[in-house]
Amino acid sequence: MDTEITLLLSRSAQGDHQAASALMPKLYDELRRVARNQLRKERSDHTLQGTALVNEAYLVLSEGKPQSWADRQHFFRLASQVMRHILVDHARARAAEKRGGDAQMTSLDKTAFAFADRYAQQIYPDQPTRESALRLEIDFVALDASLSALRALSPRQAQVVDLRFFGGLSIEESAQILEISPATVKRDWTMAKLYLKGAMQAKGVTHAH
Amino acid sequence: MLTDPAMTPDRWQRLTDIVNDAMEQSAADRQAYLVAQCAGDSALVRQALTLIANATGATQFLEHTPALLDAEAETLIGRRLGAYRVITEIARGGMGAVLKAVRDDDVYKKEVAIKVIRTDVGSGKVVERFKNERQLLATLDHPHIARVIDGGTTDDGRPYFVMDFVDGEPIDAYCQHRSLNVVQRLMLFRTVCETVHFAHQRLIVHRDLKPSNILVDQAGNVKLLDFGIAKLLDTQSAPKDFELTVALAMTPAYASPEQVKGETITTASDIYALGVILYRLLTGRSPYQSEPTKPLDLAREIVETDPHRPSTVVFETHEGTPSSIEPARLKRALQGDLDNIVMMALRKDAARRYASAEQLGEDVRRYLDDEPVLAHQDSVFYRTGKFVRRNRWSSVLAIGGSIALAATAAVAMHQANDARRERDRAESHFNSVRAIANKLIFDVHDAVEAVPGSTKAREIIVREAVTYLDAIAAQNESRSELVAEVASGYERLAQVQGGWRSASMAKREESIASLRKALALRERLAQMHPTDKLALRSLILTLGKLGESAGGMGNAEEATTHQERVLAVSEQAMALPNPELTDELNVVRARFVQASHQMRFGKKENALPQILTAMQDFDALAKRDPRNTRLQRNAAAVMNQGAYWLLWNNGSIDEAERYFQRSLALLERSSASEPNSPSIRRIIAIVNGSYAELIAKRGALQHALDKQIDAHTTLTALADEDRENIAFRLDAWAMGLAMTDKLRKLNRNDQAISLLNQQQLEIAAQSKRAQTASQQPIRELQALTAFERARAYAQKRDAGGEKRATCNSAVGALIQASEHGSFGLTDSVGARATKPDVMTLVTTLRATCPENVESLNAIVAKWS
């Protein structure tokens, strides 16, 4: 793994907040680079499902060498948070744009837009993308706010949402990262979804599922 | 919950456990379980119940992670592609991203859309192919098609296409946002059909028609995107699993069975997609039950299961349906013809769909114009029988199945393609000749139509092309679709020649000759396929046109022959298995037309009983299917016409009155379901106007006048609402004549004269603008109006009007009338200028206006 990233990862895993905030933008770039490389690679196995981006990024970054468990855990936690930031910041930027604010889109926005659309297509496969993306922009901001509230009640449940939804990890993978049983992840995941759905509806966001 | 001050992390954890456990209980036991677990803490019970309630309908919530690796993560925004600078991303679909760009070196900064193809969908070869096909694509110069301007490859090897930028929204969203009604939706859809047909004639199949490729701009203009793009992605030089990849990139929700099965894609595949789109526009939902997220289920359903008829699903629909229509009403509108049109486009067997997008569009037009449509329910045999069995799922490529299986199937598909291509090549020359002929008949003709004085040129173009097509067809007599094309060609030629209303007698003869040729072919087709309803119904339509033309030319004998044949063919269609209401209707209508013809040309006293029988049959049909509004309308129109004849041919006035009333009752029901429908408002006004004639006959002139004034007001309003539709204006004028007839009978001559003068001016103005087709009825009305004026002046003179001026006006009007048309006219609403009418007037004027006797004699001489 890239020495600088490895170093920052180890330090932030030990509780160095400065290292963590320095790591975030680097992780973002890495996630993007991984995505691009994967795109260029002639892949013989056409799978119908995409792979969780953070998983791919981790495999590439670690180059197959075993990493310390703490670093691995930390990588996934941070990478999931980065994904959340990408989506929420993008949604905010777009909302500002619509209000006539600064229309300057950062490269981060653009990537996030692609993610958001991809996501939109999975949820509203039958709808014109632009329209569903607009619906989702509202959802991402609302989801972020509701998630902050949940974090106050149960940081672990909020982390499960980070890993499962934003990180794309499975129940089992999330359980490994959080070092709790899959059953607990499952219960946390169920509760978090119930809470978030109620909270988002209360904000007047209808999630058409 | 957050407002609950007592909520702490510990309490939240407890709530988490309680909620999770409670959700494992059955719904019935849940409440009791919660009460027990919460040990008297009623706030906790409430909170748990609130949370559990959120589970309803939330199975997918947050289950789709946005963090899947997306091959498109990289962006091109701000970069240059060829001569274009990318500004922003517009959309993203299965095949890749769509970007908005401007031409960098262009002073006009023309905006374009650039479609970047995903690397796994298309390689650099796509661009090569694009360059080969460029000339073909350049023929797609059409106001409703977004042009493909250029193609290239990005730095990292992704192919892209530069296209006209269209600022619009997908047709389904457009209809929903504008709350368009059924008629408006159908009119948009017709434009789409015509446009698709235009491309088909240039041998370009779209292959990926869907709402997001059909945009409508603010002004309501339709633009079709991506024509020819899908074809470029699909070819022999592709890697072996390529077609599968493309199939996956395409939108399965609009794919045809043959596309799903990996078979040859033809124009019929586009027609299927049009069917899916029409289904969606009319019902707001997909024709399939499968979730779009389950491509395997969906693919299977596309191949194996017939969709529910549109009218049967409207109650399940919540959004996107034609607005301001409640489900029950929408259901009635869809039942019958629209159901049949959609289902015919959606047939599993490509050969049994509409033969062309134009035919589909034409059937929609027929529906809109209240003409009988060609579509009919497919036979039970085809729906559940052989065809589906022959095409069981087992023989079908399982999209989404294991990759190994898919790869093997793709190789097999590839080999099958080679054999197919060989055959296709042999056909291609033949097809291009055929395409050129069709292009001449339909497009070149349409293109030059707007050029003033082009009638002659148009006729030559169409005639030459039809001759060519005829020659091809002669060598391929067994190819029914080709023969049908030639027949359509001759029908078009007849139309160009102007039909029986055309200005010159010679042209009318030629028009009828063309129709006869079409008829011969239609007869042959019907003979080849005596059980094919489509062939029979097409034959009925051609016979009907020919019968009308012959009748219009005064050739009663030929008209009779055709009408008898219409009846025979209608009865033949009726005798086939699974007769539909349309078939019965055709029979009853044929009988009515025959009797009406007798009424005009034959012995009236013989015809009257037949008319009565036909009216009763219509009434019975209308009673059988009270929800079929078009049938109700047809029946009402027939009963009105019949009642009117009874009235003027010494039939029973009471009986006539019963039919007028029944006709109005039927119309009122129709009107309740479609209160704003112009065609219903029109018929109601006309029936009321005719009924008023009966009332006048009983002596209640004032009452009759009031009714006709109302009818006139409605018809004038309709004509003002739709100035393009000359038929409404003609109705309004005809009602004007009926109205002034009552005014005159009430001795309100000045009022009558002033109304008629105004109408005369209106008609003269319209006559200058009118197209050839409507010239004849306008001239007839012009003559009738002038005649009515003459009558009103004559009566005014009798009643002591200023002698000289009034006499001059009366005779002047009569001269006008004789110039505008031959006498002997009877209008449907009651304006009449039959020979005795004219003679009576001339006699009156001779007596009262001795100074004008010379002019009067001249009129009589000229007329006889």
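Among the residues of the stretch B:721-728, is there at least one that is surrounded by 19 or more Cβ atoms within 10 Å (Cβ to Cβ), modelled with pLDDT under 90 and within 23 Å of residue B:632 (Cβ to Cβ)?
yes
Kindly provide the set of residues from the stretch A:162-177 that are free of Cβ contacts under 8 Å to residues at least 60 places away in the same chain and of a type in the set (A, V, I, L, M), ordered by number.
Result: A:171, A:175.
Being at pLDDT 75 or above, part of a loop (DSSP other than H, G, I, E, B) and either away from every other protein chain (no Cβ under 14 Å) or surrounded by 20 or more Cβ atoms within 10 Å (Cβ to Cβ) (or both): is that true of residue B:141 here?
It is true that residue B:141 is at pLDDT 75 or above, part of a loop (DSSP other than H, G, I, E, B) and either away from every other protein chain (no Cβ under 14 Å) or surrounded by 20 or more Cβ atoms within 10 Å (Cβ to Cβ) (or both).
Select from the stretch B:662-699 the residues that are touching a helix residue (DSSP H, G or I) at 6+ places or on another chain (Cβ under 9 Å) and more than 30 Å from residue B:331 (Cα to Cα) and list them in ascending order.
B:689, B:690, B:691, B:692, B:693, B:694, B:695, B:696, B:697, B:698
Exactly one of these conditions fails for residue B:93: (1) under 30 Å from residue B:215 (Cα atoms); (2) modelled with pLDDT of 65 or more. Give me its number.
Failing condition for residue B:93: (2).
Specify the residue that is farthest from the other protein chains (Cβ to nearest Cβ); the eligible residues are those in the stretch A:154-199 that are of a type in the set (A, V, I, L, M) and in contact with a Pro (Cβ under 6 Å, 6 or more places away or on another chain). Write out each step before concluding.
Within the stretch A:154-199, the subset of a type in the set (A, V, I, L, M) is A:158, A:160-161, A:163, A:169, A:171, A:175, A:177-178, A:180, A:183, A:185, A:191-192, A:194, A:196, A:199.
Pick out the ones that are also in contact with a Pro (Cβ under 6 Å, 6 or more places away or on another chain) and you get A:171, A:175.
Details: A:171: 12, A:175: 16 Å.
Checking each candidate, the answer is A:175.
Among the residues of the stretch B:181-204, is any surrounded by fewer than 23 Cβ atoms within 10 Å (Cβ to Cβ), over 24 Å from residue B:363 (Cβ atoms) and not basic (Lys, Arg)?
The answer is no; no qualifying residue exists.
Where residues in the stretch B:100-121 are under 19 Å from residue B:228 (Cβ atoms) and of a type in the set (A, V, I, L, M), which of them is modelled with the lowest pLDDT?
B:121
Quick one: which residue in B:635, B:672 is aliphatic (A, V, I, L, M) and either more than 22 Å from residue B:337 (Cβ to Cβ) or at pLDDT 85 or above (or both)?
Result: B:635 is the single residue among B:635, B:672 that is aliphatic (A, V, I, L, M) and either more than 22 Å from residue B:337 (Cβ to Cβ) or at pLDDT 85 or above (or both).
Which of the residues that make up the stretch B:211-221 are on the phi < 0 side of the Ramachandran plot, under 20 Å from the mean Cα position of the chain (by Cα) and surrounded by fewer than 23 Cβ atoms within 10 Å (Cβ to Cβ)?
B:215, B:221
Failed condition for residue B:702, given (1) exposed (fewer than 14 other Cβ atoms within 10 Å of the Cβ); (2) polar (S, T, N, Q); (3) within 21 Å of residue B:646 (Cα to Cα), with all others met?
Tallying (1) exposed (fewer than 14 other Cβ atoms within 10 Å of the Cβ); (2) polar (S, T, N, Q); (3) within 21 Å of residue B:646 (Cα to Cα), residue B:702 fails exactly one: (3).
Each row is one residue, and each column tells you yes or no for (1) surrounded by fewer than 19 Cβ atoms within 10 Å (Cβ to Cβ); (2) within 24 Å of residue B:516 (Cα to Cα).
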{"residue": "B:551", "(1), (2)": "no, yes"}
{"residue": "B:556", "(1), (2)": "yes, yes"}
{"residue": "B:575", "(1), (2)": "yes, no"}
{"residue": "B:579", "(1), (2)": "yes, no"}
{"residue": "B:586", "(1), (2)": "no, yes"}
{"residue": "B:589", "(1), (2)": "no, yes"}
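Within the stretch B:326-365, can you find the residues that are touching a Pro at 6+ places or on another chain (Cβ under 7 Å) and closer than 18 Å to residue B:537 by Cα? Let's see the steps before the verdict.
Kept after step one, since they are touching a Pro at 6+ places or on another chain (Cβ under 7 Å), are these residues of the stretch B:326-365: B:330, B:334, B:338-339, B:342, B:346, B:348.
If the condition is that a residue be touching a Pro at 6+ places or on another chain (Cβ under 7 Å) and closer than 18 Å to residue B:537 by Cα, then B:338, B:339, B:342 are the ones that fit.
How many residues are in contact with a Ser or Thr (Cβ under 9 Å, 6 or more places away or on another chain) and not charged (D, E, K, R) if we restrict to the stretch B:611-630? First the steps, then the outcome.
Of the stretch B:611-630, the ones in contact with a Ser or Thr (Cβ under 9 Å, 6 or more places away or on another chain) are B:611, B:614, B:627, B:629-630.
Next, only the ones that are not charged (D, E, K, R) stay: B:611, B:614, B:629.
Final tally of qualifying residues: 3.
Working carefully through the options A:198, A:168, find the one that is outside any helix (DSSP H, G or I) and either modelled with pLDDT under 80 or surrounded by fewer than 22 Cβ atoms within 10 Å (Cβ to Cβ) (or both).
Selected residue: A:168, the only one of A:198, A:168 that is outside any helix (DSSP H, G or I) and either modelled with pLDDT under 80 or surrounded by fewer than 22 Cβ atoms within 10 Å (Cβ to Cβ) (or both).
Take the residues in the stretch B:623-656 that are under 14 Å from residue B:612 (Cβ atoms) and charged (D, E, K, R), then tell me which one is surrounded by the fewest Cβ atoms within 10 Å (Cβ to Cβ).
B:654
In the stretch B:607-657, what residues are in a helix (DSSP H, G or I) and among the hydroxyl-bearing types (Ser, Thr, Tyr)? Break it down into steps so the answer makes sense when it comes.
Pass one, the stretch B:607-657, residues in a helix (DSSP H, G or I): B:607-624, B:629-648, B:653-657.
Scanning the stretch B:607-657 gives B:613, B:629, B:644.
In the stretch B:331-352, which residues are in contact with a helix residue (DSSP H, G or I) (Cβ under 6 Å, 6 or more places away or on another chain) and modelled with pLDDT under 90? Show your work before the answer.
Initially, the stretch B:331-352 is screened for residues in contact with a helix residue (DSSP H, G or I) (Cβ under 6 Å, 6 or more places away or on another chain), giving B:331-335, B:337, B:339, B:341-342, B:345-346, B:348-350.
Answer for the stretch B:331-352, where residues must be in contact with a helix residue (DSSP H, G or I) (Cβ under 6 Å, 6 or more places away or on another chain) and modelled with pLDDT under 90: B:331, B:332, B:333, B:334, B:335, B:337, B:348, B:349, B:350.
Restricting the search to the stretch B:15-36, which residues are more than 8 Å from chain A (Cβ to nearest Cβ), part of a helix (DSSP H, G or I) and surrounded by fewer than 16 Cβ atoms within 10 Å (Cβ to Cβ)?
Answer for the stretch B:15-36, where residues must be more than 8 Å from chain A (Cβ to nearest Cβ), part of a helix (DSSP H, G or I) and surrounded by fewer than 16 Cβ atoms within 10 Å (Cβ to Cβ): B:21, B:24, B:27, B:28, B:29, B:31, B:32, B:35, B:36.
Just to verify a result, which residue in the stretch B:306-330, among those that are among the charged types (D, E, K, R) and modelled with pLDDT of 85 or more, is surrounded by the fewest Cβ atoms within 10 Å (Cβ to Cβ)?
Per the criteria, the residue is B:306.
Please tell me if residue B:844 is modelled with pLDDT of 80 or more and surrounded by fewer than 21 Cβ atoms within 10 Å (Cβ to Cβ).
yes
The values are calculated or read from the model by the stated rules, or taken from the named source; none is laboratory data. These numbers come from a predicted model, not from an experiment. Cβ sites come from the backbone with ideal geometry, for glycine too, and all protein chains shown count toward neighbours.
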